[in-house]
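Here's the structure, in structure tokens; my notes come after.
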């Protein structure tokens, strides 16, 4: 009987939940770190093994076996928490690491005035959180340069999926406030396509190290909201200005930047075909899958 593949995921958030489910269904041995007691049972329910992030002894024992590593953990105080805490252990066990991945964000490109960006576009981050992401990317890419670990960076567009979409908010009868910015287009990516692309990347022979994970159709938030309301046949939308007290600082900073994100490398070099090429297919699937309908 062949030995199971092992995946160690750092960080347990929305994306990691779907990654745990995907790889455990494929009969992988999946470990996932968390800092919170209340997440332990949820990780177990996905047939993954929970580990506290600061359990160095346990993580060291996992790194003693052949494995794949994926970090979903965001920077902390400008530094990557995984490299900061476990960089030396990763270095000591580099020959056992078959592949390493890091989930970044398309915000690293900065503001491109609505122009298209590719993985080769110069990074010009303006926001502190985006600057930290660039530094984190560099930390992970050094694994490839210094330790010869096959490493990939995934720059994610706006993440959505079941439980995390405007469809869910409208079903919950939330009052949805849409910023009145009709020209502000941006890309999204359905969680199923994030998982599918990463799954494919882990077995790929591609030597490309950075991939944008984005859909085919940049669109305004109003376009998306109006499509959602047409599916649900209900309208709980209200447009507001960026100065409105209903808009948080995170949203305000988001609207300071605009870009359209190319996924050409994802399709041509990784050979991945999007399950949800645009928000329309994605929201329609979420709508059909909603228990309330």
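Table for the structure above
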item: Single unsatisfied condition, residue 54 versus (1) touching a residue at least 24 places away in the same chain (Cβ under 8 Å); (2) within 21 Å of the chain's Cα centre (by Cα); result: (2)
item: Restricting the range 123-181 to residues that are in the same structural domain as residue 247 (by TED's automatic domain parsing) and assigned to a helix (DSSP H, G or I), the residue that is surrounded by the fewest Cβ atoms within 10 Å (Cβ to Cβ); result: 169
item: Residue within the range 235-243 that is touching a helix residue (DSSP H, G or I) at 6+ places or on another chain (Cβ under 9 Å), free of Cβ contacts under 8 Å to residues at least 40 places away in the same chain, part of a loop (DSSP other than H, G, I, E, B) and over 22 Å from residue 165 (Cα atoms) present; result: yes
item: Hits in the range 217-228 - residues which are surrounded by fewer than 17 Cβ atoms within 10 Å (Cβ to Cβ) and in contact with a strand residue (DSSP E or B) (Cβ under 7 Å, 6 or more places away or on another chain); result: 222
item: Residue within the range 182-191 that is within 16 Å of the chain's Cα centre (by Cα) and part of a helix (DSSP H, G or I) present; result: yes
item: Test: residue in the range 259-269 that is farther than 18 Å from residue 117 by Cβ and out of contact with any helix residue (DSSP H, G or I) (no Cβ under 6 Å at 6 or more places or on another chain); result: no
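The values are calculated or read from the model by the stated rules, or taken from the named source; none is laboratory data. Since the model is a prediction, treat every value here as computed from it, not as a measurement. FYI the Cβ positions are ideal-geometry reconstructions off the backbone, even for glycines, and counts take in every protein chain you see.
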